[in-house]
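Undergrad: Dropping a structure here in structure tokens format, bear with me for questions.
None of the figures in this text is laboratory data; all of them are computed from the coordinates on show. Owing to the predicted nature of the structure, the values given are computational and were not obtained by experimental measurement. Every residue, glycine as well, gets a Cβ built from its backbone with ideal geometry; the counts of neighbours run over all protein chains shown.
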Amino acid sequence: MTSALLDHPKSKSAFFQPTEYVLMGLIVFVLAANIWVDLQEPQRVDWGSFLIPAIGGFGLALMGAYYRYTYKNVAWLGKAASTIALGSLLGMFLGVLFHLRMPRPEPVLTDALLAMDAWFGFHWPDMVDWVAGVPYLGTFLRIVYLSSLYQIIALVGLLAWLKRDRDVDALILTNGLGLMLVYVVWQSFPNISQSTYFPIARQTAAATDLVTHSTYGRMILDYAQNGLPLVSRDKMLGAVAFPSYHMVMCALVVAFARRTVLFWPFLIINIIMIPAILLHGAHHIADVLGGVAVMCAAMIPAYMISNYFHKDDDPVAQSA
């Protein structure tokens, strides 16, 4: 192989790195919690529907580790693949836990969330109506809204290529710990999407190309009130209002893109992401603020763990 890609400086050789073991431990912990809840609650998990993505995720993690260990000149590519695979697996199994432990029928934060919206002069149905009157704006915001995961993948790849493994590890740990913190807050203070109690006319939803529309909201409300008898991959929805996990991802990529060529593009995209989250996620103002707070809270232990495992790294390479 003679491409410039393979001429990238060599990285540290190890099959699995310490942070990857931490991620695998979190995956095992969440998977065990899923199994325990599955046995205790009337809801059941269709484990077969998760089998192919689980095998694919673990396979990609193994392949990435092998590639990094064997082909030193492109170790960064294996690092990126393993990181993305393990982060995706943790997210998938946490998603199962969200659906196994849906909130009680009466959300406890709705009045407070709506009161804050009113204080800011924000009303979701009014926003939907306004965007519906601007051609293509809803579709544009939909594209931005759905870009979060791709931004994380692109950023992980770039940071790995730059040999900023400390930041790669802190990023994926922040994402995983942030999602776990969202789950804890949501379980402590149950709340669900505005689409469950503000119906949007079908033609208006179509004009805005709305992601979280009234049909979606009715499904979430049914899950919240009655539970999901069989949790399968095709039935999983985004049910959480406060705090917004979408905003966690939005703040995450901006924070970790600093000192890279992606910072300014990601900053611009994720400023636009805020109205996209409010519109297409049917979120409250407080949900957005809560998402930023969750990201900041999760980043502290994530960097503590990453710094500990990378304390002997070359500081010049890590600041490149």
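Undergrad: For the range 294-299, just list the computed ³J(HN,Hα) in residue order, Karplus coefficients 6.51, -1.76 and 1.60, θ = phi - 60°, integers in Hz, with x standing in for Gly and Pro.
TA: Those phi angles translate into 5, 4, 5, 5, 6, 5 Hz.
Undergrad: Then there's this: Percent of Cα-Cα pairs per 20 Å bin, from 0 to the last occupied bin, for the chain, please list those.
TA: Over the chain, the share of Cα pairs per 20 Å bin runs 31, 56, 14, 0 percent.
Undergrad: Turning to a different aspect of this structure: Taking 2.2 N^0.38 Å as the expected size of a compact globular protein, what ratio does the Cα radius of gyration of the range 178-320 give against it, to two decimals?
TA: Working: Rg = 18.2 Å, N = 143, 2.2 N^0.38 = 14.5 Å.
That works out to 1.26 for the range 178-320.
Undergrad: Still on this structure, I have one more. Across the range 6-318, how many lysine pairs, 8 or more positions apart or on different chains, have C-alpha atoms separated by under 15 Å? Please give the number.
TA: 10
Undergrad: How many nm is it between the label spots at K235 and A112, if each spot is 7 Å from the Cα in line with the beta carbon?
TA: Each label point lies 7 Å from its Cα, and together they span 3.1 nm.
Undergrad: Would you mind telling me which residue in I52, I192, I285 has the biggest mean-square fluctuation in a Gaussian network model of the chain, where springs connect alpha carbons within a distance under 10 angstrom?
TA: I52
Undergrad: Using a Gaussian network model of the chain with C-alpha springs under 10 Å, which one of D169, D287, D111 is most mobile by mean-square fluctuation?
TA: Comparing D169, D287, D111 in a Gaussian network model of the chain, the most mobile one is D111.
Undergrad: Based on the inverse mean of 1/r over its pairs of different Cα atoms, what is the Kirkwood hydrodynamic radius of the range 131-207, in Å?
TA: Working: mean 1/r = 0.0630 Å⁻¹.
Computed over the range 131-207, the radius equals 15.9 Å.
Undergrad: Tell me, which longest segment in the chain has none of the trypsin sites (Lys or Arg not before Pro) that fall in DSSP loops with at most 14 further Cβ atoms within 10 Å? Present the calculation step by step, with values, prior to reporting the outcome.
TA: Working: sites that count: K10, R258, R259, K311.
No qualifying site falls inside 11-257, the longest such stretch.
Undergrad: Rounded to whole Å and sorted largest first, list the principal axis extents of the Cα atoms in the range 14-149.
TA: If we take the Cα atoms of the range 14-149, the spans are 57, 43, 27 Å.
Undergrad: Compute the long axis of helix 165-188 from its Cα atoms, compare it with the longest principal axis of the Cα atoms of the chain, and write down the angle in degrees, 0 to 90, nearest 10.
TA: Relative to the chain, helix 165-188 is tipped by roughly 30 degrees.
Undergrad: What does the extension gain come out to for I271 and M127, with contour length at 0.36 nm per residue minus their alpha carbon separation?
TA: Values: separation 144, 0.36 × 144 = 51.84 nm, distance 1.70 nm.
Taking 0.36 nm per residue and subtracting the Cα distance, the gain is 50.1 nm.
Undergrad: Dipole size in debye (nearest 20) for the range 6-318 around its Cα centre, Lys and Arg Cβ +1, Asp and Glu Cβ -1? Can you show the working numbers first?
TA: Details: 19 positive and 20 negative charges, 151 e Å.
Dipole magnitude for the range 6-318 comes out near 720 debye.
Undergrad: Give me the angle, in degrees from 0 to 90, between the Cα long axis of helix 245-256 and the longest principal axis of the Cα atoms of the chain, rounded to the nearest 10.
TA: On a 0 to 90 degree scale, this one is about 30.
Undergrad: Can you tell me which of L94, L86, L262 moves the most in a GNM of the chain? Springs connect C-alpha atoms under 10 Å apart.
TA: Looking only at L94, L86, L262, the largest GNM fluctuation is found for L262.
Undergrad: Mind checking the angle between helix 263-280 and the chain's longest principal axis? C-alpha axes, 0 to 90 degrees, to the nearest 10.
TA: Relative to the chain, helix 263-280 is tipped by roughly 30 degrees.
Undergrad: If you take every residue apart from F120 with its C-beta less than 14 Å away from the C-beta of F120, what net charge results, scoring Lys and Arg +1 and Asp and Glu -1?
TA: Once positives and negatives cancel, what remains is -3.
Undergrad: Find the relative contact order for the range 6-318 and round it to a whole percent, using C-alpha pairs within less than 8 Å whose residues are 6+ positions apart.
TA: On the way: 442 pairs, mean separation 79.4, N = 313.
It comes to 25 percent, rounded to a whole number.
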